[in-house]
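Presented below is the structure to which this report refers.
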Amino acid sequence: MCVVRQCTPTVNSKGEKSKSKKTKRKRRTSPVDSIRFECGTSHFRHRQVESPPISVNGGDHVGKYPLDKLLNRADDLHLGNDEDREESLRLMQDHETLYDEESGFLWRLARTHVSVYDLRVSHEERHLHASSAVDCAQRALMLCTDSSDIYKWLAISLGAITDFLPTKQKIETGWTLRDHIDRAIELNEKDAILRYIRGRWFYGVCQLTWIERKLAATLFAKPPSAKIEQALEEFQTAEKLAPKTNKSNQFYLAKCEYEMGDVDAALEWLEKALDLPCTNKDDRDTHRECEAMLVRLQPRRR
């Protein structure tokens with residue numbers, strides 16, 4: 001539930017605007033129309049996180065973090081392992097009623113829901129976290145429209161929720177998802193994760209089935225289209241911006257090179273990806289996919 005506070009607009013430590021609402025808003029829990037198009041949620045190399053002492057405030061908020069320290073703590077935990085991400089979710093949920101009108105808090109809460117979504121097994125839990133992520137990201141966008149991080153995590157959250165939507169709804173919102181990615185890159189063109197995500201979008205469109213393409217043609221005057229070269233270019237850009245940090249990005253570089261007929265280049269990227277450490281579930285899953293693809297392609301090495 002949103003807590004209404006009477007205050008003037010502020011700018012948090014990350015430079016993001018936040019506003020107070022005069023009326024209480026009812027939180028949306030229903031899924032939104034969206035499309036995945038293989039919009040990845042992989043993150044770049046992580047570091048070990050140490051737990052700092054909690055900053056204690058007075059009044060009703062004893063044991064709570066001040067906003068700036070909470071955001072920094074959440075960022076540190078996000079760069080950790082699976083256990084750190086679980087801790088991040090608990091921490092952010094503990095502060096939700098206190099900071100649920102802060103855009104910087106909300107997009108990070110969306111990010112946390114996406115991170116633990118990847119760790120869940122049951123359909124119900126995954127759906128809950130995906131829906132919560134979309135809700136938080138949309139609320140953040142209502143408060144601030146010039147944050148690259150908000151658009152990025154809204155796009156990734158929409159990518160997660162589309163696991164639970166029928167094909168028609170996925171395709172109907174393909175451009176919405178793409179628009180969020182493009183807007184995020186406009187605001188921060190040096191973000192390697194964003195270039196990786198857009199590469200996944202291009203790659204996913206290239207992999208649409210014949211039936212999906214026919215359905216898209218009936219829904220749009222100009223249905224989503226992409227070339228494998230566009231995906232490759234985005235993955236290459238991501239690698240230049242953050243070299244040797246994203247196992248999934250190198251895996252998709254290998255997939256693109258293979259699609260374009262360069263088996264040796266694909267094998268080279270697979271070997272590089274396998275050299276990177278596995279820190280979380282996504283890394284481990286990608287590692288297994290790299291191993292399987294390497295076995296298939298090794299006999300074709302020139």
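The values are calculated or read from the model by the stated rules, or taken from the named source; none is laboratory data. Please read all numbers here as calculations on a predicted model, not as lab measurements. A quick note on method: Cβ atoms are made from the backbone with ideal geometry, for glycine too, and the neighbour counts reach across all protein chains shown. Protein only, heavy atoms only, side chains kept; ligands, DNA and RNA dropped before computing areas. Shrake-Rupley method; radii C 1.70, N 1.55, O 1.52, S 1.80 Å.
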*Is there a residue being open to solvent by 70 Å² or more (accessible area, probe 1.4 Å) and aromatic (Phe, Trp, Tyr) anywhere in region 196-209?*
no
*asked:* Being among the polar types (S, T, N, Q) and closer than 18 Å to TYR203 by Cα: is that true of THR245 here?
replied: no
*Cross-chain or 6+ apart pairs with Cβ under 6 Å, region 66-84 first and part of a helix (DSSP H, G or I), then among the acidic types (Asp, Glu) and open to solvent by 10 Å² or more (accessible area, probe 1.4 Å)*: LEU77/ASP84; LEU77/GLU87
*asked:* Show me the helices (runs of 4 or more DSSP H) found entirely inside region 141-201 where at least 1 residues are among the hydroxyl-bearing types (Ser, Thr, Tyr) and in contact (Cβ under 8 Å) with a residue 60 or more places away in the chain.
replied: 174-187
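Buried (at least 17 other Cβ atoms within 10 Å of the Cβ) and not in a helix (DSSP H, G or I), is that true of ALA266? It would help to see each step written out before you state the result.
Details: buried (at least 17 other Cβ atoms within 10 Å of the Cβ): yes; not in a helix (DSSP H, G or I): no.
No, not satisfied.
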_Those residues of region 65-122 which are surrounded by fewer than 21 Cβ atoms within 10 Å (Cβ to Cβ), under 21 Å from LEU158 (Cα atoms) and among the hydroxyl-bearing types (Ser, Thr, Tyr), in sequence order_ = SER122
*So SER225 clears everything in (1) more than 20 Å from CYS256 (Cα to Cα); (2) surrounded by fewer than 19 Cβ atoms within 10 Å (Cβ to Cβ); (3) of a type in the set (Gly, Ala, Ser) except one condition, right? Which one?*
(1)
